[in-house]
Each structure stands twice: as C-alpha cells, then as structure tokens.
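Novice: Handing you this structure, nothing more for now.
The values are calculated or read from the model by the stated rules, or taken from the named source; none is laboratory data. Just so we're clear, the structure is a prediction, and the values are computed from it rather than from any experiment. In this analysis, Cβ positions are derived from the backbone assuming ideal geometry, glycine residues included, and neighbour counts consider all displayed protein chains. The accessibility values were calculated without ligands, DNA or RNA, using every heavy atom of the protein model including side chains. Shrake-Rupley method; radii C 1.70, N 1.55, O 1.52, S 1.80 Å.
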Amino acid sequence: GGRGANRLVRGAAGGSMAAGGGEEVASAPEQITLKGQDTPGCLLSSRLRRTAELLTFRLPNNDNRIAPIFDPFRDCTPFTCSIEILEPLGRIPKHVHDESYELFVVLSGSADLFLNDSGDPTTAAEGDTMLVRPGNFHSIANSSRSERLFMLSIILPNEQFARQVWEGTYSGKLEETDVSHLVE
C-alpha cells in the first residue's frame, strides 16, 4: 500500500469520518462518482463485490495495478482491502506507514519482501501471508521474469491509501486474464 510517497500520515480530523478510517466521507475522490462506484452509504450490514467488476488504478511513477475491493469511501471501513498486481520484475517502492499494519496474502506468484535497510528479502510463495507493522520501511518485488504477482492487501487503519488509489490513474476493470487467473 501507500506507494506514491515515502511517508504516509493519517489525515487530519474534520468532517464526518468513515468508521475511524481517517478519511472524510463527504470528500470522496471524484473517480468514485465518475466510475459509478457510489454506494448507498454505510447502512448496509454487508456488501458483495464481484471480481470481474473491480476497477484498477496505477499510482504515480508505478506500473503496478491496484483494484480496491473495500475502502472507507464506499464501505465506511477503517481499513482498505485491495488486490495488487505486480507485472514481471515489478516492484512496490520502499515506503512506511506511521500507524498502519499492512497484511499481504500471496494469491499467485512469489513476493520478495524487503524490510527497513535489510538487503536480504523474505520470500513468500502462493498461499503465504506477510505482515508489516507500523513504522517499518518496506518494499515488495516480483522477481519473476514471466509471471505476474497477485496479492490481497489489507491496510488497517487506512491512513491515506484509499485516497491515493482512487486519485491514481484509472486503468480499467481487471483484465479478463486477471479475473480468470484469480477465480480458476
């Protein structure tokens, strides 16, 4: 998560907050409305999102695609849950979350997790889970030259990640090959 800047800080209080997620509901990013992703508010006790309908975004200076599943803007959650897709040899740049835990579940492929100034990665394979605690600089690399890396990412509390994703460059719905790969 949080790929555009090296340091992410929780948004200042003000306005109505989304379940403690640090985001103002009233100031949802414009792309939520433009892409027809508005939801009827926080009144529903549960939600269903279909993988084939997920939209993807790219953060500045990054080729990775991020597909938000649940976030403070649409779901009033204190976390952001997304699918992150790294192309072969792709990388999530080094960054830190001041207050957030970030959980990664490797859905397909292999991920090299670099923590703080360690030059030696921890490698996670399909089905493995990685947890990064607040205050730890980290980056993730897809070392494969031919396969994409698919991860489920959860950031709690959200800090500013959902806003950064929704304000990123829209790159369409998940590709048909991504969907079939994820739901086979």
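Novice: Return a yes/no flag: does region 168-183 have any residue that is closer than 22 Å to ASP98 by Cα and touching a residue at least 60 places away in the same chain (Cβ under 8 Å). Break it down into steps so the answer makes sense when it comes.
Specialist: Restricting attention to region 168-183, the residues satisfying the condition of being closer than 22 Å to ASP98 by Cα are 168.
Now restrict to residues that are touching a residue at least 60 places away in the same chain (Cβ under 8 Å): 168.
Yes: one or more hits.
Novice: Only residues that are open to solvent by less than 40 Å² (accessible area, probe 1.4 Å) and at pLDDT below 95: list them for region 140-159, please.
Specialist: Kept after step one, since they are open to solvent by less than 40 Å² (accessible area, probe 1.4 Å), are these residues of region 140-159: 140-142, 144, 149-151, 153, 155, 157-159.
Result: PRO157, ASN158, GLU159.
Novice: Considering region 87-96 alone, what residues qualify as being open to solvent by 10 Å² or more (accessible area, probe 1.4 Å) and either aliphatic (A, V, I, L, M) or in contact with a Lys or Arg (Cβ under 7 Å, 6 or more places away or on another chain) (or both)?
Specialist: Residues satisfying the conditions are GLU87, PRO88, LEU89, PRO93.
Novice: In the list GLU99, GLU87, which residue meets the criterion of being under 30 Å from GLU176 (Cβ atoms), modelled with pLDDT of 85 or more and not aliphatic (A, V, I, L, M)?
Specialist: Details: GLU99 fails: under 30 Å from GLU176 (Cβ atoms).
Only one candidate qualifies: GLU87.
Novice: Among what's in region 169-178 and is of a type in the set (D, E, K, R) and not in a helix (DSSP H, G or I), pick the residue that is surrounded by the fewest Cβ atoms within 10 Å (Cβ to Cβ).
Specialist: GLU175
Novice: Another question, if that's okay. Restricting the search to region 87-112, which residues are part of a strand (DSSP E or B) and within 16 Å of GLY127 (Cα to Cα)? Explain how you work it out, then say what you get.
Specialist: Taking region 87-112 as the starting set, the residues that turn out to be part of a strand (DSSP E or B) are 91-97, 101-108, 110-112.
Of everything in region 87-112, those that are part of a strand (DSSP E or B) and within 16 Å of GLY127 (Cα to Cα) turn out to be LEU103, PHE104, VAL105, VAL106, LEU107, SER108, SER110, ALA111, ASP112.
Novice: Of the numbered conditions (1) crowded, with 18+ Cβ neighbours inside 10 Å; (2) in contact with a helix residue (DSSP H, G or I) (Cβ under 9 Å, 6 or more places away or on another chain), THR51 fails exactly one; give the number of that condition.
Specialist: (1)
Novice: Moving on. In region 72-86, which residues are open to solvent by 40 Å² or more (accessible area, probe 1.4 Å) and either in a strand (DSSP E or B) or of a type outside the set (Phe, Trp, Tyr) (or both)? Step through it out loud before you land on a result.
Specialist: Of region 72-86, the ones open to solvent by 40 Å² or more (accessible area, probe 1.4 Å) are 78-79.
Selection gives PRO78 alone.
Novice: Can you name the residue in region 113-133 that is assigned to a strand (DSSP E or B) and of a type in the set (S, T, N, Q) and is also surrounded by the fewest Cβ atoms within 10 Å (Cβ to Cβ) among such residues? First the steps, then the outcome.
Specialist: So in region 113-133, the residues assigned to a strand (DSSP E or B) come out as 113-115, 122-125, 129-132.
Filter again for of a type in the set (S, T, N, Q), leaving 122-123, 129.
Numbers: THR122: 13, THR123: 14, THR129: 11.
Checked region 113-133; the qualifying residue surrounded by the fewest Cβ atoms within 10 Å (Cβ to Cβ) is THR129.
Novice: Answer yes or no: is there a residue in region 58-71 that is over 30 Å from SER146 (Cβ atoms), in a loop (DSSP other than H, G, I, E, B) and at pLDDT 90 or above.
Specialist: Filtering region 58-71 down to residues over 30 Å from SER146 (Cβ atoms) leaves 70-71.
Next, only the ones that are in a loop (DSSP other than H, G, I, E, B) stay: 71.
Narrowing the set further to residues that are at pLDDT 90 or above leaves 71.
Scanning region 58-71 turns up at least one residue that is over 30 Å from SER146 (Cβ atoms), in a loop (DSSP other than H, G, I, E, B) and at pLDDT 90 or above.
Novice: May I ask you to list pairs of residues, at least six apart or on different chains, whose Cβ atoms are under 8 Å apart, with the first in region 137-162 being at positive phi and the second being open to solvent by 10 Å² or more (accessible area, probe 1.4 Å)?
Specialist: Sorted first by the residue in region 137-162, then by its partner, the pairs are GLU159/VAL9; GLU159/ARG10; GLU159/GLY11; GLU159/ASP98; GLU159/GLU99.
Novice: Tally up the residues in region 151-168 that are within 14 Å of PRO68 (Cβ to Cβ) and assigned to a strand (DSSP E or B), please.
Specialist: Narrowing region 151-168 to residues within 14 Å of PRO68 (Cβ to Cβ): 151-155, 158, 160-168.
Those left that are additionally assigned to a strand (DSSP E or B): 151-155.
Going through region 151-168 one residue at a time, the tally reaches 5.
Novice: Quick test for you: out of GLY135, GLY127, pick the one residue that is over 16 Å from the mean Cα position of the chain (by Cα), at pLDDT 95 or above and farther than 19 Å from CYS81 by Cα. Steps first, please.
Specialist: Details: GLY127 fails: farther than 19 Å from CYS81 by Cα.
Checking each option against the conditions leaves just GLY135.
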